[in-house]
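Each remark here refers to the structure printed beneath this line.
The values are calculated or read from the model by the stated rules, or taken from the named source; none is laboratory data. If you're wondering where the values come from, they're calculated on a predicted model, not measured in any experiment. Cβ placement follows ideal geometry from the backbone for every residue including glycine, while neighbour counts extend to all protein chains displayed. Keep in mind that these areas ignore ligands, DNA and RNA; they rest on the heavy atoms of the full protein, side chains included. Shrake-Rupley method; radii C 1.70, N 1.55, O 1.52, S 1.80 Å.
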Amino acid sequence: MIGIFGSGQLAQHIAAEFDQRQITNKIIGRGETNDTVRYRPTDIIFDTDTATAQDIRRLVSDYSIIIYTSALRDVDACEKNRRLADRVNHLIPAVISSAAPTIYISTDYVFGKMSEKYIRPIVGKIGEGENPESEYFSFGAPSIYGQTKRAGEVSVLDRGGKVVRISSPFGKWKSPLRNSFVDNLTWQVGKELTMPIDQVVSPTYLPSAAKEMVGLLSTEKKSGVYHLVCEGSVSFHDLAVFVNKELRLGQKISKRMSNESDKLRPTYSALQNNKLEKQPHWTEALHEHLRGYR
């Protein structure tokens with residue numbers, strides 16, 4: 001049986017895909033909230049804030065594989081509470097991966113700002129083999145969120161697990177109060193927006209990504225880092241322009257460069273899939289996603 005640790009939008013997409021393929025799975029999370037759209041309710045409610053290492057090991061002992069999708073993703077909240085961020089993003093998956101085979105879902109936030117002093121020798125998107133702590137990425141993540149997620153990656157890899165990095169995810173099941181960047185744009189009809197042109201990503205389309213998670217269950221996929229993002233790359237400004245045009249939102253969108261408010265996010269963090277199946281281009285995925293808003 002597969003344990004999906006976490007009950008957010010990625011976990012819901014994975015559970016839906018596994019159910020369709022008749023792969024037995026359970027969602028392990030903090031439970032329900034009234035503001036969340038879900039495919040399936042949480043099967044096992046687990047208090048990650050108070051659980052001991054022994055509690056965690058006992059919980060995961062019944063599963064052949066754990067997919068750890070849980071995270072403290074609120075970047076500002078992580079800055080205010082490093083202890084909780086480290087617990088959720090690093091320490092708990094470290095314990096889990098010592099007790100069961102683990103697939104750890106990570107993020108492009110593990111990379112720092114692209115260095116102006118050290119010119120990266122590779123042109124284009126960031127491959128799985130590149131080191132987030134290298135001089136080319138300003139020696140690591142500037143945010144506690146990124147730092148604790150990177151610590152989680154290292155712990156899981158040290159224990160023979162797999163790390164899957166995603167970026168700017170969007171999909172069907174989500175919390176209306178914590179939507180993705182894409183979905184936040186859809187309700188800002190007629191607003192004037194100023195978006196960074198130098199923050200470049202390769203978004204992750206969750207329905208397509210969930211299908212690829214099935215292949216990662218295979219023992220043929222060795223321990224290591226995998227990137228799971230759409231083809232192509234796009235700035236947040238151009239992403240906003242695309243959504244505005246597709247939905248005819250009437251937004252005025254102007255360009256800006258990253259400023260002090262963006263200091264906790266990497267600038268160029270477009271990831272490259274070199275190990276997994278090719279995902280749809282971000283324009284194709286976004287066009288399909290936005291059909292639900294028309």
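Scanning the stretch 129-149 for residues being open to solvent by 20 Å² or more (accessible area, probe 1.4 Å) and under 17 Å from Leu228 (Cβ atoms) gives a total of 2.
Could you please find all residues in the stretch 237-248 being open to solvent by 20 Å² or more (accessible area, probe 1.4 Å) and either farther than 28 Å from Ile126 by Cα or not β-branched (Val, Ile, Thr) (or both)?
Asp238, Phe242, Asn244, Lys245, Glu246, Leu247, Arg248
Taking residues in the stretch 1-27 that are farther than 15 Å from Tyr39 by Cα, and partners anywhere that are part of a strand (DSSP E or B) and polar (S, T, N, Q), the pairs with Cβ atoms closer than 6 Å and at least 6 places apart or on different chains are Ile2/Asn25.
Considering the stretch 281-294, and only residues there that are modelled with pLDDT of 90 or more and open to solvent by 30 Å² or more (accessible area, probe 1.4 Å), the residue that is farthest from Val189 (Cα to Cα) turns out to be His281. Scanning the stretch 80-111 for residues that are open to solvent by less than 50 Å² (accessible area, probe 1.4 Å) and among the charged types (D, E, K, R) gives Asp86, Arg87, Asp108. For first residues located in the stretch 274-294 and of a type in the set (Gly, Ala, Ser), partners that are assigned to a helix (DSSP H, G or I) and lie 6+ apart or on another chain with Cβ distances below 7 Å form the pairs Ala285/Ser208.
Under the condition of being under 19 Å from Ala15 (Cβ atoms) and open to solvent by 70 Å² or more (accessible area, probe 1.4 Å), the residues counted in the stretch 34-72 number 6.
Of all residues in the stretch 126-160, those being within 17 Å of the chain's Cα centre (by Cα) and of a type in the set (Gly, Ala, Ser) number 6. One residue alone among Ala15, Ala77 is at pLDDT 90 or above, within 18 Å of the chain's Cα centre (by Cα) and surrounded by fewer than 19 Cβ atoms within 10 Å (Cβ to Cβ), and that residue is Ala77.
The set of residues from the stretch 256-280 being hydrophobic (A, V, I, L, M, F, W, C), farther than 15 Å from Val200 by Cβ and open to solvent by 30 Å² or more (accessible area, probe 1.4 Å) comprises just one member, Leu264. Determine if the stretch 218-239 includes at least one residue that is in contact with a Gly (Cβ under 7 Å, 6 or more places away or on another chain), modelled with pLDDT under 90 and not β-branched (Val, Ile, Thr). Yes.
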